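One structure is given below, encoded as structure tokens.
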There are 2 protein chains.
Amino acid sequence: MNKKEVKKLREELTAVMGNGSIETDPDILETYSRDETADAVFMPDILVRAENSEEVSTVLRICNEMGVPVVPRGAGSGVTGGALPVHGGLVLSLEKMNRILEIDTENMVAVVEPGVITGELQKAVLQEGLLYPPDPASLDICSIGGNVAENAGGPRAVKYGTTKEYILGLEFVTPDGTIMNTGGKIVKDVTGYNLAGIIIGSEGTLAVVTKIYLKLIPAPSVTKDLLVPFDSVDDAINAVYRILTARITPATLEFMEEDGIKLVAKFHGGKIPFPEAGAHLLIQINGESEESVYHSLERIWEVIDVDPEKIFAAESEMQRERLWKARRAIREAIHEEDPCFLAEDCVVPRSRIPDFIRDLKEYFNSVNLKSIMFGHAGDGNVHIDILKGDREYKQWKGMQPDIKKEVYTRAIQYGGTITGEHGVGMLRKDYLTIKLSQEEIELMKRIKDAFDPKGILNPGKIFSDE
Amino acid sequence: MNKKEVKKLREELTAVMGNGSIETDPDILETYSRDETADAVFMPDILVRAENSEEVSTVLRICNEMGVPVVPRGAGSGVTGGALPVHGGLVLSLEKMNRILEIDTENMVAVVEPGVITGELQKAVLQEGLLYPPDPASLDICSIGGNVAENAGGPRAVKYGTTKEYILGLEFVTPDGTIMNTGGKIVKDVTGYNLAGIIIGSEGTLAVVTKIYLKLIPAPSVTKDLLVPFDSVDDAINAVYRILTARITPATLEFMEEDGIKLVAKFHGGKIPFPEAGAHLLIQINGESEESVYHSLERIWEVIDVDPEKIFAAESEMQRERLWKARRAIREAIHEEDPCFLAEDCVVPRSRIPDFIRDLKEYFNSVNLKSIMFGHAGDGNVHIDILKGDREYKQWKGMQPDIKKEVYTRAIQYGGTITGEHGVGMLRKDYLTIKLSQEEIELMKRIKDAFDPKGILNPGKIFSDE
């Protein structure tokens, strides 16, 4: 946008909603030019920090009329550039819409605005003895609205599923400024199409979510966490296989391989449990009673072949923190080691994880790449972080398309897909055809048109620009 | 369609797929002119019983070219006319696509064709120690494809959710004959829009589902069923409230009120437990161990105020059958009593059930209508069957629009919706505006256009015709 266009937009917005939420100061805009995506900066032309649904509606209506791109933004913790204004325009931040509107303990439903930080919500509902299960690793900084946009998962997805399984209803605003509703404090609803079904995971390209009805469940009264060291990834994944085929359902089953453990140990000055292991498995068991949890733990001993003396079991909250420290710090550790790393999050059927990882490692070794793999062994979602190493930046950028193709092709070959919870965003849009047929993509684009005929909402994401 | 059009369509289809699956014999077509919807008959012009995805594709492609309506049909157990050819055309039966293609015990996924009977699938996976939770009351006759089309629930939805929570992937055919895929044997996927999210519950108006990937869970090893009599519906719902706010999650929490109990008792010659009660509550508790199940049962005793001597607890499979007999037979009993009954299935937040039922009963009494209410107290889905009584048929038909409006308006007033699992179909399409705004309906129609630009797929359903 040129200066005149920005001025005009600012005037139009101000006339309806006043000036308080609107910013054009470059210093402030600069903060909104980045998210957690490595190596990506796009300056917005204008910023609105909306305070309510009406302001969201006003912004969308006016921008739609003027043909200005609108990029919704939650907490800016995304890693595929979903919140970045790659074609300029207006960034619509929902950070001020961060109120927990209601925790309805009778119906076990929370009604929240999109800017609520996921971890804050979890703490608030826990005080009522309730659990909001989805727990992306970024839960202390990410917002519920962003979780809806990416259908976020997290370690507990193996037992509890992803965000979409907890969305009972949405208030959302379509690009023409209309405020709409779907669902509510109800568990069942087939009154017309399930609009939430297509909006969840649409990465802010179909509508801006302004209110969310979340299903809560009774919080388990007993939780035990274990860190189990193995000699190799194969041994760890084999244990996962045995646990799941014994029909035990832990709340989490996270793995981390040797290279990741070493990196985190270095990051924490060596102070993590089992820094020398070939792989870690982080297992959380929860349940209604000590008996049922110990029953599950005993069955785990039976099926995995590890000396119980070598297991680190957290008995206190402090120990639990220590135990999860390595897992939660891994991305930060990688970032410190190599800020230009490539972060992939492919999914395969969980029985295929060992073959997938082995195959990937062979490929990475063959092209002399260092990689760190970790993630959700229980649900097949593997985080694959690939390091630049000593390469020149330009060479590294040039290699990335090939690396992505090799990784994605393998994920699909093993029956999986390109991304499990990070989204396509701006980073993967040119690779969509590896997974989807041209007809499938065309159908998705027609759905996009049904919501956003002028294409103002988060342009340059998911679909290739061509 | 006139005879010439039917002949031409038959020839076009035969040229591609042979004659074996195509029928135009009126005696056979007659069977496909009805489903379980009271009082509705619409003759198809032609029938195809497809045997595979390619035949589904051929039928859709040719009908799309010729502008012939296509009505997909599963087992024909729907109660809102979803499978009826209200504008004539071709009925596309999926009954022959009834193979369980795979039960993948490692990944706990079943891959099935849409014609598989839900109860058959449940038995098959149970032999592998696995559970497919959704359990519509019609599970012995309904098909999985129909469950996907209506997002079927069932008694266990209070603990396990509805069909959509178990769909990991779909193969489906769009009206132009393109075979597409979404998801698979994977738990997480944000590679483009979640097409399954909008197809589930779309009542066969967007695409024809030809293969379904279903998430399975470990079957609970212990299950206890209780039938608890109460003096009144208020007492029963109050007990539901106490159970749920004590954070106990039974697998089912079904209620039936006095009028329903009396009717089923009559149907079964009096041989049901507690035929004189004012209300029944049917509670199923399941879990991993006897201890955990008994722990939950003890907590239920603590919170509900009923003499344990008066409770019927099923200890054997035979007793369990006896206990569920009344619940499963209710619709049949009503059908025998009054075949022209009106069947509604509204949803309200479960805390509002007592007020909703009381309000409805007052209304029904005020206009001298006999009603039977039962259903899923745990998830707020109330089945409301309203009897014609001694009225003349014509008078009864004339009253229905008013009755529906009164019922739906109350459901929405209590924060609920028109239909929880039966769908809109042909019966409720003129009432959609009670729940949805014109803009919401227009958005849904644009989504319909994105899938089905020529409007051939199941016309006359969900949306009002004009």
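The values are calculated or read from the model by the stated rules, or taken from the named source; none is laboratory data. Since we're looking at a predicted model, the values are computed, not measured. Every residue, glycine among them, receives a Cβ derived from its backbone with ideal geometry; neighbour counts consider all protein chains shown. All accessible areas refer to the heavy atoms of the entire protein, side chains included, with ligands and DNA or RNA removed. Shrake-Rupley method; radii C 1.70, N 1.55, O 1.52, S 1.80 Å.
Points to keep in mind about this one:
- Chain A, helix-only ellipticity at 222 nm - DSSP H runs n ≥ 4, -39,500 (n - 2.57), divided by all residues, nearest 500: -11000 deg cm²/dmol
- Once Rg and the Kirkwood radius are both taken over the C-alpha atoms of segment B:232-328, their ratio Rg/Rh works out to 0.96.
- Each copy carries a label point for B:Ile100 at 7 Å from Cα along the beta-carbon vector; from one copy to the others these points are 4.3 nm apart, nearest first.
- Karplus-derived HN-Hα couplings along segment A:140-153 (A = 6.51, B = -1.76, C = 1.60, θ = phi - 60°), whole Hz, x at Gly and Pro: 6, 10, 8, 10, 4, x, x, 4, 5, 4, 9, 6, 4, x
- Dipole of segment A:1-143, positive end: most advanced residue of A:Gly76, A:Gly88, A:Ser21 [Cβ charges, Cα centre]: A:Gly88
- Dipole magnitude (debye, nearest 20) for segment A:311-399, charges at Cβ of Lys, Arg, Asp, Glu: 80 debye
- Drop in accessible area of at least 20 Å² in the complex versus isolated chain, residues of segment B:384-420, 1.4 Å probe: B:Thr417, B:Thr419, B:Gly420
- For chain B, the relative contact order works out to 15 percent when only alpha carbon pairs closer than 8 Å and six or more residues apart are counted.
- Total accessible surface hidden between A and B, rounded to 100 Å², 1.4 Å probe: 6600 Å²
- Heavy-atom accessible area, 1.4 Å probe, ligands and nucleic acids excluded: residues of segment A:259-292 down by at least 30 Å² from chain alone: A:Glu288
- When every Cα-Cα distance of chain A is counted in 20 angstrom steps from zero, the calculated P(r) takes the values 24, 55, 20, 1 percent.
- From phi via Karplus (6.51, -1.76, 1.60), per-residue ³J(HN,Hα) for segment A:17-24 in Hz, x at Gly/Pro: 10, x, 9, x, 9, 9, 10, 10
- In chain A, the longest principal axis of the Cα atoms and the axis of helix A:233-245 are about 90 degrees apart.
- Rounded accessible area per residue of segment B:152-236, 1.4 Å, Å²: 21 Å²
- Three-way shape call for segment B:306-361 based on the alpha-carbon gyration tensor, with the a/c threshold at 1.5: oblate
- Calculated on alpha-carbon atoms, Rg and Dmax of segment A:144-295 in Å: 20.1, 57
- Taking every alpha-carbon pair under 8 Å whose residues sit at least 6 apart, segment A:347-392 reaches a relative contact order of 41 percent.
- Element breakdown for the protein assembly as shown at a 1.4 angstrom probe: carbon and sulfur atoms account for 47% of the accessible area.
- Under the Karplus curve 6.51 cos²θ - 1.76 cosθ + 1.60, θ = phi - 60°, whole-Hz ³J(HN,Hα) for segment B:408-417, x wherever Gly or Pro sits: 5, 4, 5, 4, 6, 4, 8, x, x, 8
- In segment B:216-277, taking the dipole from charged Cβ atoms about the Cα centre, the farthest positive-side position among B:Thr249, B:Phe267, B:Pro220 is held by B:Pro220.
- The charge dipole of segment A:153-200, taken about its Cα centre with unit charges on the Cβ atoms of Lys, Arg (+1), Asp and Glu (-1) only, comes to about 320 debye.
- Per residue, the accessible area of segment A:275-368 comes to 49 Å² when a 1.4 Å probe rolls over the protein heavy atoms.
- Copy-to-copy label distances for B:Glu276, where each label lies 7 Å from Cα along Cα-to-Cβ, are 7.7 nm in order of increasing length.
- Across peptide A:195-205, the average count of Cβ atoms from other chains found within 10 Å of a residue's Cβ is 5.
- The value of relative contact order for segment A:1-95, using C-alpha pairs under 8 Å at least six residues apart, is 33 percent.
- For the protein assembly as shown, convex hull of alpha carbons as volume per residue, Å³: 170 Å³
- Shielding by partners - mean other protein chain Cβ count within 10 Å, residues of A:241-250: 3
- Sorted from closest to farthest, the other copies place their A:Asp39 label points 6.8 nm away, with each point set 7 Å from Cα along Cα→Cβ.
- Take each residue in B:344-351, count the other chain C-beta atoms within 10 Å of its C-beta, and the mean is 5.
- Measuring from each Cβ of chain A to the axis that turns chain A onto chain B, the shortest distance belongs to A:Gly197, 1 (residue, then whole Å).
- Whether segment A:1-54 is rounded, prolate or oblate, judged on the alpha carbon gyration tensor where a/c under 1.5 counts as rounded: oblate
- Three-way shape label, segment A:219-286, alpha-carbon gyration tensor, a/c 1.5: oblate
- When each of A:Lys159/A:Lys397; A:Lys159/A:Lys325; B:Lys8/B:Lys448; A:Lys448/B:Lys435 is checked by Cα-Cα distance, pairs over 30 Å: A:Lys159/A:Lys397
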